[in-house]
1. Gain in length, A251 to A275, computed as 0.36 nm per residue apart minus the alpha-carbon separation, to one decimal in nm?
2. Would you mind checking which residues have amide H under 5 Å from G200's amide H? H placed 1.01 Å from N; only 5 or more apart, or other chain.
3. Residues with beta-carbon under 10 Å from that of K61, excluding K61: net charge, scoring Lys, Arg +1 and Asp, Glu -1?
4. Report relative contact order for the chain in percent, whole number only (criteria: Cα-Cα under 8 Å, sequence separation at least 6).
5. Straight-line reach from K18: which lysines have a Cα under 19 Å away, not including same-chain ones fewer than 8 places off?
6. Taking springs between alpha-carbon atoms closer than 10 angstrom, which of L217, L21, L209 fluctuates most in the Gaussian network model of the chain?
7. Identify which of the listed values of Rg and Dmax of the Cα atoms in Å was calculated from the structure shown: (1) 19.7, 71; (2) 24.6, 89; (3) 20.4, 65.
8. Enumerate the calculated ³J(HN,Hα) couplings along segment 132-149 in order (Karplus 6.51 cos²θ - 1.76 cosθ + 1.60, θ = phi - 60°), each rounded to whole Hz, writing x wherever the residue is Gly or Pro.
Amino acid sequence: MRKVVVMPVYEDLEASSKLFLEIARTQGLETYIVAVDDGSVRQPLDVSAIRAAALDGVVIKLRRNVGHQRAIAIGLSYVAEHFGDDVVVVAMDSDGEDTPESMTELVSALDSPEVDVVVASRKSRVESLKFKAFYVVYKMLFSLLSGRRISFGNFMAAKMPAVRRLASMQELWTHVAAAVLGSKLRVQTCSLDRGPRYAGRSKMNFVGLALHGFRALMVFAEDVLVRVGIACTLVAGLSVCGGVLALLLKALGFATPGWFSLAFGILLLVFLQTAALTLIILMLSGMIRSGGVLVAGSYREFVAEIQYAGRQ
């Protein structure tokens with residue numbers, strides 16, 4: 001089947017141009033490129049970079065920088081609107097860390113009728129120790145707060161019905177991988193190595209990575225609020241038990257002077273704070289409305305221009 005590759009590009013002309021050439025070499029000239037230029041100013045992507053690789057495709061130029069997750073969502077929305085079921089869609093970054101050679105393995109796993117999306121988990125990484133440590137902590141917190149495991153990023157392949165389903169989800173604009181988890185699609189994991197960047201340096205800093213992790217939790221906000229609410233309720237219950245125990249010790253004469261007042265005061269404050277937090281969480285849970293559906297074509301509000309290379 002023909003491959004359609006969706007990728008966000010932000011101030012990364014050199015790396016993306018080399019990636020187009022590598023895709024043409026490894027995947028063939030029938031591969032169609034949907035590159036979303038995420039408001040680049042210094043190194044805007046031009047459709048000539050796709051033509052130079054002898055590939056067909058489009059460059060979707062955005063009015064402003066919206067971030068790589070929304071850029072991918074715009075690209076997938078475009079594909080869902082313009083392509084039929086005779087293609088498979090690959091979402092990947094434009095810097096070369098998602099290697100073109102790995103696309104073959106991802107797409108081949110879609111041959112099974114029991115699989116809708118194939119995602120890439122990393123066997124090896126070239127990032128710093130700081131990043132690796134943060135990523136381990138992030139996965140642990142995500143599992144604890146959402147009740148789900150996440151071990152993949154943007155690099156994935158999907159059948160067109162799955163792409164249309166994802167394109168209709170509001171959550172896709174917040175966090176692509178988390179939206180896949182919440183989509184109820186049949187997901188298969190494929191272990192792949194991560195490659196080095198073709199050129200330049202990553203524009204993602206530690207603050208950006210932390211924000212990216214929090215956005216994944218936002219997709220499952222209701223689950224997170226419920227789990228935090230349960231934890232607060234348990235702490236409030238334990239503070240009540242501790243207060244009762246302090247009263248018994250005081251009544252039996254085991255409490256030293258000043259101990260009871262200090263202990264009971266701390267437990268009372270803990271109870272009041274956790275009880276108030278529990279009520280706030282319950283109110284927020286009632287206000288959240290997840291699972292919204294986007295209006296078809298709403299992505300066009302962000303598009304300034306679409307440049308075409310060859311035919312669709």
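1. Numbers: separation 24, 0.36 × 24 = 8.64 nm, distance 2.66 nm.
Extending this stretch completely gives an extra 6.0 nm.
2. none
3. On the way: positive: R63; negative: D37, D38, D46, E305.
With Lys, Arg at +1 and Asp, Glu at -1, the neighbours total -3.
4. Details: 541 pairs, mean separation 73.6, N = 312.
Computed value for the chain: 24 percent relative contact order.
5. K3, K203
6. L209
7. (2)
8. Values per residue, Gly and Pro as x: 4, 5, 4, 5, 5, 4, 4, 5, 5, 5, 4, 5, 5, 8, 9, x, 10, 9 Hz.
Quick note: the coordinates plus some simple rules give every number you see, no bench work behind them. Predicted model only: the values in this text are computed from it and were never measured. Neighbour counts run over all protein chains shown; Cβ positions are idealised from the backbone, glycine included.
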